[in-house]
1. Among residues other than A52 whose Cβ falls under 13 Å from its Cβ, what is the net charge (Lys/Arg +1, Asp/Glu -1)?
2. Which percent of Cα-Cα pairs in segment 79-174 sits in each 5 Å bin, short to long?
3. Taking the highest mean first, how do the peptides 140-147, 67-74 order by number of other beta carbon atoms within 10 angstrom per residue?
4. Taking the Cα-to-Cβ direction at K139 and at D115 and moving 7 Å from each Cα, how far apart do the two end points lie in nm?
5. Which pairs in the list K121/K163; K91/K166; K50/K165; K51/K91 are over 21 Å apart, alpha-carbon to alpha-carbon?
Amino acid sequence: MRDTAVVINREYHAGRQYNARPRRRSRRLVFIMSGKKKKSTPDNSIARNKKARFEYHVEEHFEAGIALEGWEVKSLREGRINFGESYVLLKDGEAYLFGATIQPLPSASTHKRTDPLRTRKLLLHRRELATLIGAVERKGYSLVPLSMYWKRGRVKVEIALAKGKKQHDKRSTQRDRDWQRTQARILKSR
């Protein structure tokens, strides 16, 4: 990549630090800046449902918003959620998240009654809901929440259409995972 030179007046920018190396030329500072920018990708994940990937064949993913109360958002920022036993249910043309436990913070307000096992409404487009209803009712799929994460300051839930695995499918998945682990160990020891 080609380096680009940025000329900055020394008097104006004397006290500031830059992510570049300075080169002096008379009364001006010239900063050589590389074309690459540092990417800081923070982990936006709140919770993942690892059990769902083990017990289901995941086929199609959907992103849904979720209707939360204020104390729930504060608890999610602290990571106080149990997502393992949750599931999605379609009722009256709407999707709801059942079984997700959000523990309230100890500093939660006393005048507001907190219910950790409250059913929470998932926010989806009408077309997505029609697709989900058709797949669940006609084709026998299950709706499983896979992960919960932040996106532009809002909480999103990744749900998936999935079919349940049989016992032998789970065993083969475990066998494949063990074999991959063994291969990695052998290659690492070389």
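1. On the way: positive: R48, K50, K51, R53, K163, K165, K170; negative: E55, E59, E85, E158.
Around A52, the surrounding residues sum to +3.
2. The calculated distribution, bin by bin, is 2, 11, 18, 20, 18, 13, 9, 5, 2, 1, 0.
3. Packing proxy ranking, top to bottom: 140-147, 67-74.
4. Computed distance between label sites K139 and D115 equals 3.3 nm.
5. On the way: K121/K163 23 Å; K91/K166 27 Å; K50/K165 14 Å; K51/K91 24 Å.
Among K121/K163; K91/K166; K50/K165; K51/K91, the Cα-Cα distance tops 21 Å for K121/K163; K91/K166; K51/K91.
Read-outs throughout are calculated quantities, based only on the coordinates presented, and are distinct from any laboratory measurement. Every value quoted in this text rests on a predicted model; they were computed, and no experiment measured them. Here Cβ is always computed from backbone atoms with ideal geometry, including for glycine, and neighbour counts include all displayed protein chains.
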